[in-house]
Amino acid sequence: MLRLQMFRLGMAACAVAALALAEGFTFTIGNPVASHDFQMKAAAFVFRINGCAEPAKSQISATAEGLVKGARRSVALKVMAASKPGVYAVFQNWPAEGGWVVSLRGVCASESAGAIVPIGPKGFIRESAKFFPRPATSAEIETSLKDLAQSRNQGGNK
């Protein structure tokens, strides 16, 4: 009887661990120092991919989407891989003026992920970032840009 209970407990623990690992493919953003890579220290932000068994085979891209003097702008960004697999950096090559968000897109095996990372005067705004189990839509990017502009007009200086 004790063996049966131990077996059940072991199976339950395995099931919980499997559910925890089944989160799917996602992004996590952080400060450049979080990469522990000297080459990344000047980045706007770094991000890690999670839930990807083979990070080297993932396809990652980023675009800065902005609103400058009422005109919509897009700037393709270079995503630089860190020395640690699955960790990447985004360097700012978009203009300082205007309001900007970075749209991350990724594919790993059959899964995809997306994120919208707002950029404020002091850098990326973690608490306003949005994460998706797919690339962000144009409407979601537009909404994030409008929210960023509204926050800046109300004195939000994050």
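Only Cα pairs under 8 Å and 6+ residues apart enter the sum, and on that basis the relative contact order of segment 25-121 stands at 30 percent. Considering the options A136, P121, Q154, tell which one lies farthest towards the positive end of the dipole of segment 116-158, charges being +1 on Lys and Arg and -1 on Asp and Glu at the Cβ, about the Cα centre. It is P121, whose Cα lies furthest towards the positive end. Classify segment 31-70 as rounded, prolate or oblate, taking a ≥ b ≥ c as the square roots of the eigenvalues of its Cα gyration tensor: rounded when a/c is under 1.5, otherwise prolate if a/b is larger than b/c and oblate if not. Note, shape of segment 31-70 comes out oblate.
Can you tell me the FRET efficiency between K69 and F131 if r is taken as the Cβ-Cβ distance and R0 is 35 Å, rounded to the nearest 0.05?
0.75
Between A149 and K41, the modelled labels are 3.8 nm apart [label points 7 Å from Cα along Cα→Cβ]. At full extension, A76 and A34 could sit 12.7 nm farther apart than now, given 0.36 nm per residue minus the alpha carbon distance. A Förster radius of 35 Å, combined with the Cβ-Cβ distance separating S83 from S110, puts the computed FRET efficiency at roughly 0.80. For the residue pairs K41/K84; K57/K130; K57/K84, alpha carbon separations beyond 21 Å are given by K57/K130.
The string of couplings for segment 145-150 from the Karplus curve (6.51, -1.76, 1.60, θ = phi - 60°) is 5, 5, 4, 5, 4, 5 Hz, one whole number per residue in order, with x for Gly and Pro.
Where a number appears in this text, it was derived from the coordinates with a stated rule and is not lab data. Quick caveat, the model's predicted, so the values are computed rather than measured. All Cβ positions, glycine included, derive from the backbone under ideal geometry; neighbour counts span all protein chains shown.
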